[in-house]
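The values are calculated or read from the model by the stated rules, or taken from the named source; none is laboratory data. Just so it is clear, the model here is predicted, and its values are computed rather than measured. So basically every Cβ, Gly included, is an ideal-geometry build from the backbone, and we count neighbours across all protein chains shown.
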Amino acid sequence: MTIISIIAGLVLLAIGGDVLVRGAVAVSERMGVSPLLAGLTIVGFGTSMPELVTSLFAAFDGAPGISVGNVVGSNIANILLILGVSGLILPLAIDPAAFRRDGLALAVATLACIGAVMLGYLSRPVGLALLALLVAYIVWACRSETLSPDAEAAMHEHVVAELKPAGMSLMAALGLAVAGIVGTIIGARLLVDGAIEIARDMGVTETVIGLTVVAIGTSLPELVACVIAALRRHADVALGNVIGSNIYNLLGILGMTAVVHPIEVPAKIAAFDIWVLLGVTVLLGIFLRTGWTLKRWEGGVFLGLYAAYLAFLAL
């Protein structure tokens, strides 16, 4: 039953997360929200909803390894696994201007997360500080792109265009979003329950399960979206999804979890995994700065590094 619970949870998270984002984008369109604002807020929050619900359930269940490991592991998987697969499908070229602001925001979010993790306890003040940084990023992005539309604005609008269902009424869009929320909640509940049980049955720490099974599961909506974008030759959408998701995970998911239910940070994550996240984020920046393209061989390097990381955790 444990494996069945985890598989069912993963499937519901993948489907529910994708349906939620598409429904929310359709609702925003019917309500007159600009594609720019929808890309910055609705898509960002929507793609991170599986991580949020999963981390909250784990926190309330007294499983901080799953709660924090889910966020850190998801961001590592987003870069190494998702961009690795996407880069193998299509070299991911990016406009330097489109990466400048969001790349800086990702760097700040990563450093803020490291600072929070090194405190050893995610308290409500820490959570509020992370959420304040996220709000500041959204306001900064909206103001800069509204006053001077550029490649960054185009990137967010392309993300929305990829996810927008055609010709959907407001009621149908609302129904789609609600169905996505329900599916995501049920999937997260099944995944967390199954993850805790399998960790206890196999003698594996909840932190390792959170960094692997749970993290990969909650990243499935991003994986689907990025692979589709790569197949359609929309490199900016694939990169925009990952960078935006990582910013929201670090500031929004950890921040919201800490505000709702403060948690201890597992020592293993503070000693090792958070530094892996910093390393792969820096490596992403280096790869993108060399010709402003994530080449196929670099995607292969990402996948190799992810396989090595999983092997290390298994040992």
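Here residue 286 meets the list (1) under 20 Å from the mean Cα position of the chain (by Cα); (2) modelled with pLDDT under 95; (3) under 26 Å from residue 102 (Cα atoms); (4) of a type in the set (A, V, I, L, M) almost entirely, failing just condition (1). Taking residue 241 as the residue in question, decide whether it is under 14 Å from residue 70 (Cα atoms) and buried (at least 24 other Cβ atoms within 10 Å of the Cβ). Here the answer is no, as residue 241 does not meet what is asked. Do we find a residue being at pLDDT 90 or above, over 27 Å from residue 65 (Cα atoms) and among the small types (Gly, Ala, Ser) anywhere in region 135-148? Yes, region 135-148 contains a residue that is at pLDDT 90 or above, over 27 Å from residue 65 (Cα atoms) and among the small types (Gly, Ala, Ser).
Might you let me know whether region 84-100 holds any residue that is touching a Cys at 6+ places or on another chain (Cβ under 7 Å), crowded, with 24+ Cβ neighbours inside 10 Å, at negative phi and modelled with pLDDT under 95?
First, the residues of region 84-100 that are touching a Cys at 6+ places or on another chain (Cβ under 7 Å): 86.
If we keep only those that are crowded, with 24+ Cβ neighbours inside 10 Å too, we end up with 86.
Within this subset, residues satisfying the condition of being at negative phi are 86.
Filter once more, keeping what is modelled with pLDDT under 95: 86.
Within region 84-100, one or more residues are touching a Cys at 6+ places or on another chain (Cβ under 7 Å), crowded, with 24+ Cβ neighbours inside 10 Å, at negative phi and modelled with pLDDT under 95.
Screening the candidates 12, 88, 104, 20 for the property of being part of a helix (DSSP H, G or I), under 16 Å from the mean Cα position of the chain (by Cα) and more than 26 Å from residue 262 (Cα to Cα) yields one hit, 20. Residue 232 passes every criterion in (1) under 20 Å from the mean Cα position of the chain (by Cα); (2) within 25 Å of residue 141 (Cβ to Cβ) apart from (1).
Just to be sure before I move on: is residue 13 in contact with a Phe, Trp or Tyr (Cβ under 6 Å, 6 or more places away or on another chain), over 19 Å from residue 131 (Cβ atoms), surrounded by 24 or more Cβ atoms within 10 Å (Cβ to Cβ) and in contact (Cβ under 8 Å) with a residue 60 or more places away in the chain in the structure I sent? Spelling it out, it is not the case that residue 13 is in contact with a Phe, Trp or Tyr (Cβ under 6 Å, 6 or more places away or on another chain), over 19 Å from residue 131 (Cβ atoms), surrounded by 24 or more Cβ atoms within 10 Å (Cβ to Cβ) and in contact (Cβ under 8 Å) with a residue 60 or more places away in the chain. For region 82-136, residues that are under 22 Å from residue 284 (Cα atoms) and of a type in the set (Phe, Trp, Tyr) total 1. Is it true that some residue in region 194-206 is at pLDDT 85 or above, among the polar types (S, T, N, Q) and surrounded by 22 or more Cβ atoms within 10 Å (Cβ to Cβ)? Scanning region 194-206, I find no residue that is at pLDDT 85 or above, among the polar types (S, T, N, Q) and surrounded by 22 or more Cβ atoms within 10 Å (Cβ to Cβ), so the answer is no. Filter region 16-41 down to the residues that are modelled with pLDDT of 75 or more and surrounded by fewer than 17 Cβ atoms within 10 Å (Cβ to Cβ) and list them by number. Across region 16-41, the qualifying residues are 30, 31.
How many residues does region 60-75 contain that are surrounded by fewer than 24 Cβ atoms within 10 Å (Cβ to Cβ) and in contact (Cβ under 8 Å) with a residue 60 or more places away in the chain? Before the answer, list the steps.
Narrowing region 60-75 to residues surrounded by fewer than 24 Cβ atoms within 10 Å (Cβ to Cβ): 60-62.
Subset that is in contact (Cβ under 8 Å) with a residue 60 or more places away in the chain: 60-61.
Total meeting the criteria: 2.
In summary, residue 69 fulfils each of the numbered conditions (1) over 24 Å from residue 49 (Cα atoms); (2) touching a Leu at 6+ places or on another chain (Cβ under 6 Å); (3) small (Gly, Ala, Ser) with the single exception of condition (1).
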